[in-house]
Each structure stands twice: as structure tokens, then as C-alpha cells.
Amino acid sequence: MKKTTNASLPALSNQPGLKQIIRHSLTMAYRGLLKVRRTPEQLIDVTLQPILFTLMFGYLFGGAVSGNVHNYLPIIIPGILAQSIITGAITIGVQLREDMEKGIFDRFKSLPIPRIAPLAGALLADTIRYALVTILTFATGYMMGYRPETGLAGMFGVSILVIAFAWCISWIFALAGVVGRTAAGVQGISMMILFPLTFLSNAYVPIETLPSALKWFARVNPVSHLITAIREMVNQGVIGQDFWLSVIGGITVFLIFAPLTMRAYRRKA
Amino acid sequence: MHQLLSLVKNPLLAVEVSGLVKRFGDNCAVDGVDLKIPAGSIYGVLGPNGAGKTTTIRMLSTLMKPDKGYAKIFGHDVDKEGHIVRQLIGLTGQYASVDEKLSANENLFIFSRLLGLSRSDARKKTAELLEEFGLTEAAKRPLAKFSGGMRRRLDLAASLISKPPLIFLDEPTTGLDPRTRLQMWNTIRNLVSDGSTVVLTTQYLDEADQLADHIAVIDRGRVIAEGTPSQLKASVGAASLELKLKDIAEDQKAKQIIQSLLGVEGHVSGEGIITAPLSDPELITDVLLAFRNEKIQLSEVSVKTPTLDEVFLAITGHETVKSEAENKDTVLKNSK
């Protein structure tokens, strides 16, 4: 029945192709960036936290943990980087929830675009947040006297690792955003996940000093592995076991949570 | 005929709906709706708040899956061929479906890109639509500073980027001032002259009357009447003449005049208001002249056309009781 004689028009298809998925996700990412430009205050968490935490915890714990601040920096900078990048990743849930409550999402759903595009676009746009976190953490560290062995190359390598890790982990928070009922609720749940995950790790203190149950948790906590991987990369130029564990951990989270999020999103849509 | 229609299964029937059902918990929002909407016309879906209009539109535009029944857009099933259907429709929702934080310009550019236009085409299309909808001057302002009418116009403009053969408008004029409302009506009429089919929902009988070629009256999730506006109005009865006397004592005399000229019994209320069915508006002049000759003075004269409430009363025997509580809801939602 379908006539395709009209040369100026492409035939109607019921499946968006890969090219369309990439293209529309990029357009959605562009939309995200425009919104950041309009409301720069939404970057406050990823700009202030790395600066504030580095200064605060550096001078607070430096003497106690490592004898002095200078010796503490190689330990705490990777810790704060990992923590801040995960803080940056939770925003996606709140943003998605806010978006989905507005009429704009109805339009997205009624357009002939791949259903994943609004999600993927938001995740891509967050790259700018992750890049900001990385730069600001290292810059604050540098001001406090942190001079890593591997220099810029090490920091660049670490940036790629943490940004990729944040992409994977942000699907957890995207799921919270899709299934949550209100933006405030999503924020609350995400904070509950965030705090134990980042503080109960080797970010600020050596694991050996912890009580046994906590020691066990901090050892298996994937954030600890990410922090160790960052420390090894940036301080020693080593890509070790923890690097691969972080990569595998990130991919596992992605493989579990991306389909779950997509399913919940389709059902809501 | 519309360009894209050469590609579809059924170019003549824009919408075909059969036995459509949608439940939310215990509440059956849409309870077995059947519709056949011919291409190239304006079709009005008329009903009070909570009747199931928006839910129906959401199913037709693939935003929601039906629980039972099917809906086809130009022969394509909304559930199984959603991606095709989305290429054939434009949707303007009840609440502005544009990005509040961006400008009109940015909104239209992004939607154009998402509809497959190249960068330069998207830029051209954006400028064209801004011009057409009188938004060029405000194009770079953030939407927060837009009036309700400007927002609706932008919303409608965004639905027209791809020139879809079928356009859904969910209560396009609710909350607009009378002047903006008239502008919107003209815009909607122009869409059809370009070959598109328009399906619009409304709570206002006069809006459906002004715009629609066919109307379906929907209440409690069911279509309770279907036809042309004149058929519908005929089923409700004619307009009525309402006169307010300056001197209540003259009511019997006035009643006699109406009886003799209009041939119907007038109804007199306590405050000296006489209401009588009016089949031919021409007769008003005669009535008024007769009143002057008899020196009966009037303080108010009006002709009332049937309201949605009266249509409902006539068809269903119950009034639109839900509407007031739901109206409050709407106001709250809008002010959020």
C-alpha cells in the first residue's frame, strides 16, 4: 500500500537509525549546554564543592593524617576528585525529573526522535560539569602546593577515566530521576546514596584506621578502587589493578542501570 | 492535498479510533471512544474538564498507550507504528510544551534540528516561523518574560515546523484574552487551508462552533454526540431572548406581546426578567417595537446562545457538575 514514488520525500520508517540516535542526542546535549549558559548557577555544586572541600579537608586533616598538608595532598586530591565527580553525576536525576514534569517532555515524546535522545543528550551535556570538577580540583590542589609526578599528562589521563566513570555511574541517578515522583525526593534519595558511597571510602583516611565492618565496606566500595586508580595514575604514572576494577565496575553499572532506566523511561513515556 | 500524505496507508482518514479505553486506577478516563476524522477538516472534541479529552489526545499522539481498543493515524497504528505516527503529527499541549529557560529563537532552532532539518534550514525555518507568528521582536528574550498568548503562539509554531498533515491542539485558547483568542482562531483556520487536518479540544461551545467542521461531544470518557455544529445546536434548541423590565408590574402585558409575536410562552422570573425561546432573530425588532408602542420600558435586552452546559443538559440530562472543582485544579496547576 505504501507509495514511495514521491522522490522528494524519504519513505516513512518505524525505527530510528543509529545515525539519528547520535544526531538527536547531540542536539539534546546542545540544548543542555544552552540551559547552562542561561542559568549558570546550576553549576554551583561542581564549581564550589571541589574548591571548598579541597581547602577545608586539606587543612583540617592534613596534619592528622599525613603529618602535614603537603604530604596529604596526593591522598586527598584524588579523593575529592572522585567525590565531586559523583556529586556532579547526581544532578542528572534532578534535572530529568524537573524536565519530565514540564510540558516540554510531551513535545519531545511526540517528535519522531529516538526515545533515548533526551536522556543521552542530558548525559552528554553533563560532560562540561565533569570537566569543570576535574579542572577546579587540580587547580585548587596546585595552589595549595600539589605537584604530581606525572604532570599534565597524568592529570589528562585521569580526567578521561573519571569522566567516563561519571557517565556510567550517572545512569543510577538517571533511574532515580525517571522513577522518582518529585525533584526534591530525587535529590534526597541521591544524597543518601552519595554520602555513604563517597565518605565511607579511602578518600580522606587510610582504610587501616577504620573499625572492621567499615574497613570491609570501604575495601569493596567501588569508589575506593576509583580513588586508588586515580592516585596510582597521577602520583606514580601506574595503570594497575584498581584502574581495571574501576573500568569494569563502571561498565557493569552502565550495563545494569542503562537498560533499567530506559525501561522505566519508556513505561513512563 | 498535503505532501506527506502520498506516503501513508490511508490518506483520506486522518484519525480512526475504535473502542479506545484508558484507566487510571479505578477511574476510567476514556471509556470506549470511537472516532472517524476525515482528512482536511477541523474536528472539535468538546467537553468539560475531566471528560477525557486530553487523555484521548495523549493516546492519539503516542504519549500514552491505550489499555484497550486501537487508534490509527492515516492508517498507522499509534501503538505499533509510533515512530511513523510521530512523523505525521504535530502536538500543542494544554500546558506550554516549550523550554522555559530558552529563548523563542533557541526553542524553534532545537525543535527544527530534532525534526531533521540541517543547521541552515533550521535557522531559516526559525526566522520564517517567528515572522509568521509575530514573535521576531521577542525572539531573543527568555520565555519567562512572555505573555500567555505569545507562549501559545510559539508552542503552535513549534508544532508546525515539519508541516505535519495532522495537528493536535489541546485547548489552544484556554486562558487567552479575547483578542489573542481571535488571532489563534485565524491561525487555526489557515492551517486547514494549507491542507492539514486539525483536531482540537475545547471546553467552549462557541469555539467549536466557530472553527470545527465536525464536533464530537465527550463526557465521562464517552462520545455522547457527534455531528456538525448546526446539527448539534439544533439538538439543543434555539437561542433565547432575555428581557429585563424596568417596571415589574408590566410583566403580564409583556408576556402577551411575546406570546403574540413569537408564538411561544415567555417565562417570567421574580426580578422582572422574561425569557423566551427565539427561533428567528429577525423577530427581535418586532418585539422591541411592540414594547415601545405599549410604552413598556426595558432595562436590559440580550440574546443568549446555548452554552456548553445547556448542550450537556440537553444531551445527557446532567450538568457539567465536575467542571468547577476541576477548574480550580487547572488554575492551581497553571500558577505553579
Which of rounded, prolate, oblate describes the range A:154-265, given a ≥ b ≥ c as roots of the alpha-carbon gyration tensor eigenvalues and a/c under 1.5 marking rounded, otherwise prolate only if a/b is larger than b/c? oblate
Helix-only estimate, please: 222 nm mean residue ellipticity of the protein assembly as shown, summing -39500 (n - 2.57) across DSSP H runs of length 4 or more and dividing by its residues, to the nearest 500. -18000 deg cm²/dmol
For A:LEU60, A:LEU124, which order do you get if you count the other beta carbons within 10 Å of each Cβ and list the fewest first? A:LEU60, A:LEU124
To make sure I understand the rule: partners must be lysines, Cα under 16 Å from the Cα of B:LYS244, and not fewer than 8 residues away in the same chain. Which ones qualify? B:LYS253, B:LYS255, B:LYS295, B:LYS304
Scan around B:LYS68 for amide H atoms under 5 Å from its own, H built in the peptide plane at 1.01 Å from N, and keep only partners 5 or more places away or cross-chain. B:VAL21
Taking chain A as the reference, fit the longest principal axis to its C-alpha atoms, fit the long axis of helix A:127-143 to the helix C-alpha atoms, and give the angle between the two in degrees, 0 to 90, nearest 10. 20 degrees
Could you give the spread of the C-alpha atoms of chain B along their three principal axes, from largest to smallest, in whole angstroms? 75, 47, 40
Past the 32 Å Cα-Cα mark, which pairs from B:LYS9/B:LYS68; A:LYS19/B:LYS22; B:LYS72/B:LYS145; A:LYS35/B:LYS9; A:LYS19/A:LYS268; B:LYS22/B:LYS145? A:LYS19/B:LYS22; B:LYS72/B:LYS145; A:LYS35/B:LYS9; B:LYS22/B:LYS145
Separation between Cα centres of the range B:242-318 and the range B:1-43, rounded to whole Å: 42 Å
Karplus-derived HN-Hα couplings along the range A:105-120 (A = 6.51, B = -1.76, C = 1.60, θ = phi - 60°), whole Hz, x at Gly and Pro: 5, 4, 5, 3, 6, 8, 8, x, 10, x, 4, 7, 4, x, 5, 4
When a footprinting reagent is the concern and you count Cβ atoms within 10 Å, what order do B:CYS28, A:CYS168 take, fewest first? B:CYS28, A:CYS168
Looking only at B:VAL30, B:VAL301, B:VAL98, which one moves most when chain B is put into a Gaussian network model with springs between Cα atoms under 10 Å? B:VAL301
So which trypsin sites (Lys or Arg not before Pro) in the range B:1-97 end up in coil per DSSP with only 14 or fewer other C-beta atoms within 10 Å? B:LYS80
Using a ≥ b ≥ c from the Cα gyration tensor of the protein assembly as shown (square roots of the eigenvalues), is it rounded, prolate or oblate, where a/c under 1.5 gives rounded and otherwise the larger of a/b and b/c decides, a/b for prolate? prolate
Angle, helix A:18-38 long axis vs. longest principal axis of chain A, Cα atoms, 0 to 90°, nearest 10? 60 degrees
Taking only Cα atoms and a 10 Å spring cutoff, compute GNM fluctuations for chain A and point out the largest among A:MET144, A:MET28, A:MET233. A:MET144
B:ASN27 paired with A:ALA164, simple spin-label distance in nm, labels 7 Å along Cα-to-beta-carbon: 4.9 nm
Considering chain B as a Gaussian network with a 10 Å cut-off on Cα pairs, which listed residue, B:GLN259, B:GLN183, B:GLN231, attains the greatest mean-square fluctuation? B:GLN259
Sequence neighbours fewer than 8 away in the same chain don't count; with that in mind, list the aspartates and glutamates whose C-alpha is under 16 Å from B:LYS36. B:GLU16, B:ASP77, B:ASP213, B:GLU226
What FRET efficiency comes out for the pair B:LEU261/B:GLU226, r = Cβ-Cβ distance, R0 = 41 Å, nearest 0.05? 0.70
Loop only by DSSP, 15 or fewer other Cβ within 10 Å of the Cβ. Give me the GluC sites (Glu not before Pro) in the range B:250-308 that pass, ordered by residue number. B:GLU265, B:GLU271, B:GLU282, B:GLU294
So which aspartates and glutamates pass the test for B:LYS246, namely a Cα distance under 13 Å, with those fewer than 8 places away in the same chain ruled out? B:GLU271, B:GLU300
Any residue on another chain or 5+ positions along whose placed amide H is under 5 Å from the amide H of B:LEU278 is listed here as B:ALA239, B:SER240, B:LEU241
Per-residue Cβ contact counts at 10 Å, fewest first, order B:HIS83, A:HIS70 as A:HIS70, B:HIS83
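Bear in mind that the values in this text are calculations on the coordinates, not laboratory data. Please read these numbers as outputs of a predicted model, since none were measured by experiment. Glycine also receives a Cβ, built like all others from the backbone with ideal geometry; neighbour counts cover every protein chain displayed.
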